[in-house]
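Right, I'll just put the structure down here and ask away after.
The values are calculated or read from the model by the stated rules, or taken from the named source; none is laboratory data. Owing to the predicted nature of the structure, the values given are computational and were not obtained by experimental measurement. So basically every Cβ, Gly included, is an ideal-geometry build from the backbone, and we count neighbours across all protein chains shown.
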């Protein structure tokens, strides 16, 4: 007959789940909650040209939200995110669909997937800089188009423009859309495709009524990756626009360069809220728990 559990053993069993989750909770607290809490606190501090003053003020948020420059910068950042999302979704869905449904061999699927990752073997900055000699006024693209008579003079919008910024974003972050969509498509039961085909559905009907609904979780995850990264980026805008475009991340970077840390913190809090609202809206539309 099993002896009744002692008080000490019962207590240990009750505490076991909490002890197991403690390391992860400590990491979560130290590397997420504390930094974000610090940013929120600093956003309410005051500052002058030489120092940060620990004081409770709303000046940073007032100057931020009442400035038309801020609204234009946020609008341009949202434009960059929306255009990048649309293009990466189109390219990423097409590549993932090809790998999942047209490449039959698993070996070739993995080989082609690794080929897609090759650009990530180098630095993002190096990949961005590589566009400059290609898109420049006397770059390879303009020279080629002029040599074949397609244009009479160099195209000015190719480099140091919004076009160059979006092109660099698409180049850098398309793989973040390909991976989750491909993962979702690889899990689709091929019997569903065959059943739809046997029922008389055409290729476009199968794509729209079977593949797209089942790939939505992957689309949502890829969208979260792309949108959040673009919203907080500043290096790409600085390098590819030549200083002619702005973003929220670049605005925060300029504030920190001027030692205006509370103003940058307030901007970071507003950007964080905007990103959280965007992600929350995506999660309301698509349930991604099955993918996680």
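Would you pick out the residues in region 112-122 that are surrounded by 10 or more Cβ atoms within 10 Å (Cβ to Cβ) and assigned to a helix (DSSP H, G or I)?
Those that are surrounded by 10 or more Cβ atoms within 10 Å (Cβ to Cβ) and assigned to a helix (DSSP H, G or I): 112, 113, 116, 117, 119, 120.
Exactly one of these conditions fails for residue 125: (1) assigned to a helix (DSSP H, G or I); (2) surrounded by 14 or more Cβ atoms within 10 Å (Cβ to Cβ); (3) modelled with pLDDT under 90. Give me its number.
(2)
Report, by residue number, each residue of region 128-140 that is under 18 Å from residue 238 (Cα atoms) and surrounded by 15 or more Cβ atoms within 10 Å (Cβ to Cβ).
128, 131, 132, 135, 136
Within region 179-238, considering only helices (runs of 4 or more DSSP H) that don't extend past its boundaries, which have at least 1 residues that are modelled with pLDDT of 90 or more and buried (at least 17 other Cβ atoms within 10 Å of the Cβ)?
212-232
Read through the list (1) modelled with pLDDT of 90 or more; (2) out of contact with any helix residue (DSSP H, G or I) (no Cβ under 9 Å at 6 or more places or on another chain), then give the number of the only condition that residue 272 fails.
So the condition that residue 272 fails would be (2).
Is one or more of the residues making up region 141-155 at pLDDT 85 or above, buried (at least 18 other Cβ atoms within 10 Å of the Cβ) and under 21 Å from residue 221 (Cβ atoms)?
no
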